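Shown next, in structure tokens, is the structure this report addresses.
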Amino acid sequence: LSMAEIPIEETLRGAEALVGPQFTKKGVRYTHRNGNPSLSVFADREKVQQILVNLLANAVKFTSPGGTVELEWRVEDDTLLVRVRDTGAGIPDDKIEQIFEPFVQLRAPGSVPSGGTGLGLAISRDLARAMGGDVSATSKFGLGSVFTLTLPLRKRVGGTKLSAPKSAS
């Protein structure tokens with residue numbers, strides 16, 4: 001990993017630019033809501049963009065024409081949360097953790113395979129965890145899903161966040 005302070009808004013916009021044509025081609029509405037546009041996080045920019053492209057591409061892939069995909073991000077307790085919410089098919093409760101296993105692809109009964117290898121979410125989660133974050137999902141079958149990428153705002157050393165030294169009293 002090539003870890004550095006990266007501008008999150010610029011990184012998100014880069015991922016959006018790569019996936020944008022898929023939204024247009026499929027007729028899926030895309031919205032972006034953001035927090036502080038000048039925020040940066042300590043992460044590998046290329047890997048963060050790879051994760052975001054995967055989450056956005058999956059969202060458009062599993063959302064019907066006329067549906068919506070929304071990306072929003074905010075900070076909570078020294079952690080960046082990036083959420084990709086869709087109005088797609090959703091994922092059954094008993095399958096939600098399986099989607100993060102390598103080579104697992106879900107599809108609705110009677111639907112055609114969606115393409116891909118079933119590696120994107122497994123790789124995305126591994127990359128996020130290598131940067132001190134995670135990728136998780138919640139879903140309501142038939143209503144859509146929310147995928148959340150979390151990343152620490154600050155560099156971590158030995159599992160603890162670096163912070164200003166405490167003054168001696």
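What follows is calculated from the coordinates using simple rules that are stated; it is not laboratory data. None of these values were measured; they are calculated from a predicted model. Here Cβ is always computed from backbone atoms with ideal geometry, including for glycine, and neighbour counts include all displayed protein chains.
Taking 0.36 nm per residue of sequence separation and subtracting the Cα-Cα distance, how much length would be gained by fully extending the chain between L18 and E101, in nm to one decimal?
On the way: separation 83, 0.36 × 83 = 29.88 nm, distance 2.50 nm.
Gain on stretching L18 to E101: 27.4 nm.
What order do you get for L18, L52 when you list them from fewest to most C-beta neighbours inside 10 Å?
Working: L18 14, L52 26.
Result, fewest neighbours first: L18, L52.
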## Note on the structure
Between the modelled labels at L143 and S64 (7 Å from Cα along Cα→Cβ) the distance in nm is 1.6
### Task
Would you mind computing, in nm to one decimal, how far apart the modelled labels at S38 and E72 are, each placed 7 Å from Cα along Cα→Cβ?
2.4
## Note on the structure
Cα-based Rg and Dmax for the range 1-104, in Å, come out at 14.4, 39
## Note on the structure
The distance between the Cα centres of the range 74-102 and the range 1-67, in whole Å, is 14
